Amino acid sequence: MNLQSVLVYLTLLVALVYLVNKFLLPKKYRIGRKGTSSGCGQDDCGCS
Amino acid sequence: MSKSINVALIGNPNTGKTSVFNQLTGLKQKVGNYPGITVEKKEGICKLPRGVKAHILDLPGTYSLNTTSLDESVVVELLLNRNDKDFPDVVVVISDVENLKRNLLLFTQIKDLRIPAILVINMADRMRRKGITLDLALLEKKLDTRIALVSTRKNTGIEKIKELIADYKNLSNKPNVDTTVIDPEYFEKLKKTFPNEDLYKLWLVITQDVNFMPIEKKTIPDTASFSTKSKSELKRLQQKETILRYQFINGILKEAYKVDLQAARGFRATLDKILTHKVFGYLIFFFILLTIFQAIYDWSSYPMDFIDEQFAAASEWVKDTLPPGVFTNLIAEGILAGIGGIVIFIPQIAFLFLFIALLEESGYMSRVVFLMDRVMRPFGLSGKSVVPLISGTACAIPAVMATRNIENWKERLITILVTPFTTCSARLPVYLIIIALVIPEGRFFGLSYQALTLMLLYIIGFMAALFSAMILHRVLEIRSRTFFVIEMPNYKLPLLKNVAYTVIEKTKSFVYGAGKIILAISIVLWFLGSNGYSDRFAQAENLVKQRISENGFTTYNREDIAEKFESYRTELQTGPALSEAQLNDSLTLKMESLEFRAQRQEIASFKLENSYIGNIGKAIEPLVKPLGYDWKIGIAVLTSFAAREVFVGTLATIYSVGNDEEETIKNRMAAEVRDESDKPLFNLASGISLLLFYAFAMQCMSTLAVVKRETNSWKWPLAQLAIMSTFAYLIALIAYQILK
Ligand SMILES: Nc1nc2c(ncn2[C@@H]2O[C@H](COP(=O)(O)OP(=O)(O)O)[C@@H](O)[C@H]2O)c(=O)[nH]1
Ligand SMILES: [Mg+2]
């Protein structure tokens, strides 16, 4: 496998981890900022 | 305990009862700016001079003793029942110096019940700015009471209230107004029938349920000598009473209350009259909305075109500069397309928030709330639901949270449930691109068809919200009390800083909140679209070349080539003269390049069709076909259940995968054809069907999560998801089947 393919799989992994972390995991298992809805802008738009 | 004085704080909503209560009792509790936040019973103890104690009761806001709501009847029931353990020895009527006239109506009624009453004129700190001067001595004399001029904000006058309460025995309990003059004959009879009762109290008991039916109804039985009047007669008499009271109050205030009439105050009154007018108010509101949508269209088209071009160029640049390979493709086709799909809608979203912020900041929004209360009532909503519904045009999430200041739980729940119907900014990208594709560009009275369609979609969203509210209002069996008061802030020129802050904050929250999700999904989709497990995927190139050599290009490509070739030929013939050989050479070259391009496109589309994503899309195609969509739109719709705005990014990725032409998303969509008929995929029928699907479907994970949080149960969000999406499917189905 060449470097470019490795990078593609890495990026894909990051994206998948982000989505699963955001939507599928229950709150307590989430990676990063727990509980609070920071990084969502002031009014929580686009956050769960 | 027996030694303590019973004190009741009564006053119009938002006059500062709770603030005074806090100052007197020292009990800490929340003082909000939401009109009528006081809906429950709040009690506290206050130490008075000379070691006396007072038991203080903070009552719900009341406009008058002519009850129109349960909350007001709480106050009236207390005042009419001398046996109640909370029956006040003295009532402290809290008034707001700016609205003294309206506040005094209640004061005179309490006075007429012969309950000792002290008048607190609160918000004294505002007098200077408003140019108000008071003749307190004259007021005390005319109203036959003692007055404390107070500012809870500046903490002045509180001691005076305590003194007056301690001294309540010296208050006069003579009535202010002789109510019997409104119908002397009737009151005379009343007096004869119930000689031992206070006349005004009797009158209040009789008229208590004229406007409002309390749960426990007290009635006075008809006797031989006395029969009560019909409701409408009583209502008329009640109006007469109000007029009488206002005459009395006006007479006093004319002497004791002076306002240095600044132009601004008169201006405000006139403006209020126009903006909340029964006809003009709505026309103006409608006109303002129309202007906003037109502006969003016209102004944002320039930055959008610019962004569109920049991303196409960036994608090209990446391909030319980076070493060729799959990761380069991912950047150019997956990541850049994903980011472009977000960034391109920043201008529109920023403009929308700009207008909302301007309306809010200027004070106009409160007039809209007032205006709309009339409209909202029949739908089981309150005027306050307008704020969530209008904020819902930005994002349903803050809108659902904004329902917190609707006190009535049923109204609040209904507002939460219907808010996702309003056109949120995430729908905007979907709407805009589909409208651009299927709605013609013409104008109608200077308004473009496209802008009108957008406006119509917003109206449809509101209508859906209203009608589902009406149904919910009937269906949900929840008992709760009504309470509605609107505060009208002064008009002011919007502070540029506040407006800018709102616009930046909201835009940022769209870009970062939704943007990250969109980007992540774009990457996943790109991967699914450029990889496949089947043999057909691996052999795509050979299979397509073979097909072309046997059957030629697809109809769409054949016509496209012919057309481009013809226009090239005309171009050459009108240009500088060429020799026959030169001409033929150029034409051959052109034909080769056109055919090469078409071949690559067909390979790309064949690959996509046999990729993972193609397989998924094909699997759900039977479900979306009756709506007029192909499997590509099917995928976009499916991924939109995470967040609607993913739609455009998804299509961008799907279409640009394996396509290294620098075509913009829109043109690419316009070029899509149906497999079976070679007609454009995006025509009026499928476009409208798609617009309607997005208008009604509940496609936002984040909103569902917030609804769960606000209602504290999964029941409501899941019901929302199921009902809204099923409804969306049916409507889209009907629309397509009719229009096609
Ligand atoms: N300027 C000014 N504002 C006040 C004063 N007292 C209360 N307020 C404000 O008026 C609003 C309503 O006060 P609140 O105590 O909740 O009124 P309630 O509804 O009668 O209980 C709040 O925003 C208070 O901050 C005052 O003396 N001066
Ligand atoms: Mg209060």
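The values are calculated or read from the model by the stated rules, or taken from the named source; none is laboratory data. All values reported here derive from a predicted model rather than from experimental measurement. Virtual Cβ from ideal backbone geometry, glycine too; neighbours counted across all protein chains shown. Remember, those area values only see protein heavy atoms, side chains included, never the ligands or the DNA or RNA. Shrake-Rupley method; radii C 1.70, N 1.55, O 1.52, S 1.80 Å.
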Q.
Just the residues that are under 23 Å from B:ASN6 (Cα atoms) and either out of contact with any strand residue (DSSP E or B) (no Cβ under 8 Å at 6 or more places or on another chain) or more than 10 Å from ligand 1 (Cβ to nearest atom) (or both), please, taken from region B:122-148.
A. B:GLU140, B:LEU143, B:ASP144, B:THR145, B:ARG146, B:ILE147, B:ALA148
Q. Do we have any residue at all in region B:655-668 that's at pLDDT below 80 and touching a strand residue (DSSP E or B) at 6+ places or on another chain (Cβ under 9 Å)?
A. no
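Kindly evaluate B:PHE693 against the criterion of being surrounded by 24 or more Cβ atoms within 10 Å (Cβ to Cβ) and modelled with pLDDT of 85 or more.
yes
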Q) Does B:LYS154 meet the test of being among the charged types (D, E, K, R) and farther than 25 Å from B:LYS101 by Cα? A) no
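Having 3 or more residues that are of a type in the set (Asp, Glu) is the bar; report the helices (runs of 4 or more DSSP H) wholly within region B:525-639 that clear it.
The helices (runs of 4 or more DSSP H) meeting that bar are B:555-574, B:580-609.
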Q: Output the number of residues of region B:173-193 satisfying the condition of being farther than 20 Å from B:ILE249 by Cα and free of Cβ contacts under 8 Å to residues at least 12 places away in the same chain.
A: 4
(Q) Testing B:THR393 on (1) touching a residue at least 12 places away in the same chain (Cβ under 8 Å); (2) away from chain A (no Cβ under 14 Å), one condition comes back false. Which one is that? (A) (2)
Q | Test result for B:LEU164, open to solvent by less than 40 Å² (accessible area, probe 1.4 Å), over 44 Å from the mean Cα position of the chain (by Cα) and among the aliphatic types (A, V, I, L, M) | A | yes
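With respect to B:ILE56, determine if the residue is closer than 26 Å to B:ILE45 by Cβ and part of a loop (DSSP other than H, G, I, E, B).
Taking the combined requirement at face value, the residue does not satisfy it.
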Q. Looking at region B:332-382, what helices (runs of 4 or more DSSP H) fall wholly within it and have at least 2 residues that are among the hydroxyl-bearing types (Ser, Thr, Tyr)?
A. B:364-376
**Q.** Among the residues listed as B:ALA148, B:ALA137, B:ALA117, the single one being over 36 Å from the mean Cα position of the chain (by Cα), under 13 Å from B:ILE10 (Cα atoms) and small (Gly, Ala, Ser)
**A.** B:ALA117
(Q) Looking at the structure I just gave you, is B:SER549 of a type in the set (S, T, N, Q) and more than 14 Å from chain A (Cβ to nearest Cβ)? (A) yes
Q. Limited to region B:689-740, what total is found for residues that are within 14 Å of chain A (Cβ to nearest Cβ) and of a type in the set (Ser, Thr, Tyr)?
A. 2
Q.
Just to be sure before I move on: is B:ALA538 surrounded by 13 or more Cβ atoms within 10 Å (Cβ to Cβ) and closer than 22 Å to B:LYS618 by Cβ in the structure I sent?
A. yes
Q: Those residues that are open to solvent by 30 Å² or more (accessible area, probe 1.4 Å), touching a Lys or Arg at 6+ places or on another chain (Cβ under 9 Å) and not in a helix (DSSP H, G or I), I need them from region B:697-732; list them, please.
A: B:TRP714
Q: Answer yes if at least one residue in region B:104-112 is away from ligand 1 (no atom under 16 Å from the Cβ), open to solvent by 30 Å² or more (accessible area, probe 1.4 Å) and assigned to a helix (DSSP H, G or I), and no otherwise.
A: no
